[in-house]
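Take a look at the structure below.
The values are calculated or read from the model by the stated rules, or taken from the named source; none is laboratory data. Because the structure is a prediction, the values reported are computed rather than measured. Every residue, glycine as well, gets a Cβ built from its backbone with ideal geometry; the counts of neighbours run over all protein chains shown.
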Amino acid sequence: MKKSLILFMCAVILMFSACSKDAIQENEAPAQTDTENKKDQPSEVAASDQDEEETEETAANADEEGTSKEDNADENTSEEDKDYLTSHHQFVASELTNLSEKEVSSMWGEPVRTEEIQFRYSGTSKFVPAVVHYYENEKYAVTFVEGKAARLVYSVIEEEILFDDEKTKALELAGLPADVEEATDTDTAFVWNDIGGVYEVTMFSKGEFADYLYIILDEAYK
């Protein structure tokens with residue numbers, strides 16, 4: 001009887017031990033899964049960050065490539081627009097438009113003479129202070145209005161260009177197209193409008209030769 005009782009108690013103890021072990025394993029399984037998920041999470045975040053960096057780098061490269069293409073297109077357009085330039089040009093009139101006094105001096109040196117004037121905007125009664133600087137023994141005279149190059153007088157008398165027969169040579173010297181028909185033709189002047197990137201060009205004569213070009217660089221200063 002005692003032997004049977006002892007065997008029964010041992011069986012009960014073994015049963016409780018097995019149940020406790022199963023419960024412990026069940027509790028450990030979720031904890032292990034959570035730990036594995038936490039270990040995997042940094043890798044996923046790192047991968048996500050890497051994808052974002054690659055996307056940003058691709059977008060930056062695309063923007064840079066687009067900007068480069070635009071710059072090249074602008075350069076090509078500029079070259080095409082000035083394909084009328086010849087080897088005889090001494091400067092390009094359109095490039096003076098709205099330049100500062102300092103920028104013009106970097107081209108032709110310091111002015112040899114300066115004259116202060118009052119400039120009136122066309123169609124208004126508004127006068128503003130302006131200055132005329134003369135460069136290279138007064139070969140060039142630039143009128144600056146509110147600090148910007150507005151008009152240019154370019155003397156070509158020393159070139160001995162025949163006023164009637166060789167007038168296009170004067171245009172070439174100023175970096176202007178020579179195959180444009182003049183808008184006005186008189187005994188003492190030729191006038192071209194909207195030519196070579198400037199608003200108006202008038203060539204005056206002195207005897208049988210061209211004397212000077214009077215160039216209005218921008219319509220705002222007509």
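Would you be able to tell me the number of residues in segment 89-134 that are of a type in the set (Ser, Thr, Tyr) and modelled with pLDDT under 95? Adding up the residues that qualify gives 4. Strands (runs of 3 or more DSSP E) fully within segment 109-222 that include at least 3 residues being surrounded by 17 or more Cβ atoms within 10 Å (Cβ to Cβ): 127-135, 140-145, 148-155, 189-195, 198-206, 209-216. Scanning segment 172-215 for residues being basic (Lys, Arg) and in contact with a Leu (Cβ under 7 Å, 6 or more places away or on another chain) gives a total of 0.
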